[in-house]
Structure formats: structure tokens, C-alpha cells
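Data first, discussion second: the structure below is written as C-alpha cells.
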Amino acid sequence: NMGNVLQKQGKLDEAHAKHKASLEILLKTLGANHPDVASTYNNMGNVLQEQGKLDEALAKYKASLEIRLKTLGADHPEVAGTYNNMRA
């Protein structure tokens, strides 16, 4: 995932742009309630959190959580991961 690599390199604006581009494609091809869409929202939240944009990050985590609860169920590890990100 290019966005994640860019984030690790500290290129946060570029990382966010890659995640945003990915999200647009995923929404068109997979629809709004797909686990890959949730993962992208989660990744965007991680970048935004690192940028100090906490309200925006929380909104992305909430979007991720909503999809993951619907598609994966409350006991799935990715749901737990999203809760963990939201508390950070």
C-alpha cells in the first residue's frame, strides 16, 4: 500500500492523497459497505491522527467502524483494532 509506505517515510500529505485516491476507486468498484473501504478509512484516520487532525481522524475511524461492524461483526479483530485507534 503506497499510502502506508509514504506515511512511514513521513510524507503525510502524499500518504493522505494516495489513500483518498484509493478510496474513490474502491467506492466506485466495491461500494460503500466493503471491508476494503473500511480499511482505507482506517488508514486515512491513521495519517490524519499523525498530522494532529484529531477530529478528522476520529470521523474516518467512525466511518471504518460502522462498515466493519456491518460486514465483519462486533467480535472481529479488525473491529477491535478500530476501537484501539479511536482511543489513541
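The values are calculated or read from the model by the stated rules, or taken from the named source; none is laboratory data. Keep in mind it's a predicted model, so treat the numbers as computed, not measured. Every residue, glycine among them, receives a Cβ derived from its backbone with ideal geometry; neighbour counts consider all protein chains shown. SASA here: full protein model, heavy atoms, side chains in, ligands and nucleic acids out. Shrake-Rupley method; radii C 1.70, N 1.55, O 1.52, S 1.80 Å.
General remarks:
- Being touching a Phe, Trp or Tyr at 6+ places or on another chain (Cβ under 6 Å) and not hydroxyl-bearing (Ser, Thr, Tyr) is a property that does not hold for Gly52.
- Qualifying residue in segment 44-57 (condition: out of contact with any Leu (no Cβ under 8 Å at 6 or more places or on another chain) and among the β-branched types (Val, Ile, Thr)): no
- Candidates Leu12, Leu54, Leu58: the one that is in contact (Cβ under 8 Å) with a residue 12 or more places away in the chain, open to solvent by 50 Å² or more (accessible area, probe 1.4 Å), closer than 24 Å to Arg87 by Cβ and not basic (Lys, Arg) is Leu58.
- One residue stands out in segment 15-33 among those that are polar (S, T, N, Q) and part of a helix (DSSP H, G or I): the one that is least open to solvent (accessible area, probe 1.4 Å), namely Ser22.
- Selection count, segment 67-88, where residues are touching a residue at least 24 places away in the same chain (Cβ under 8 Å) and either open to solvent by 60 Å² or more (accessible area, probe 1.4 Å) or among the charged types (D, E, K, R) (or both): 4
- Ser39 being in contact (Cβ under 8 Å) with a residue 12 or more places away in the chain, in contact with a helix residue (DSSP H, G or I) (Cβ under 9 Å, 6 or more places away or on another chain), crowded, with 18+ Cβ neighbours inside 10 Å and over 17 Å from Glu56 (Cα atoms): no
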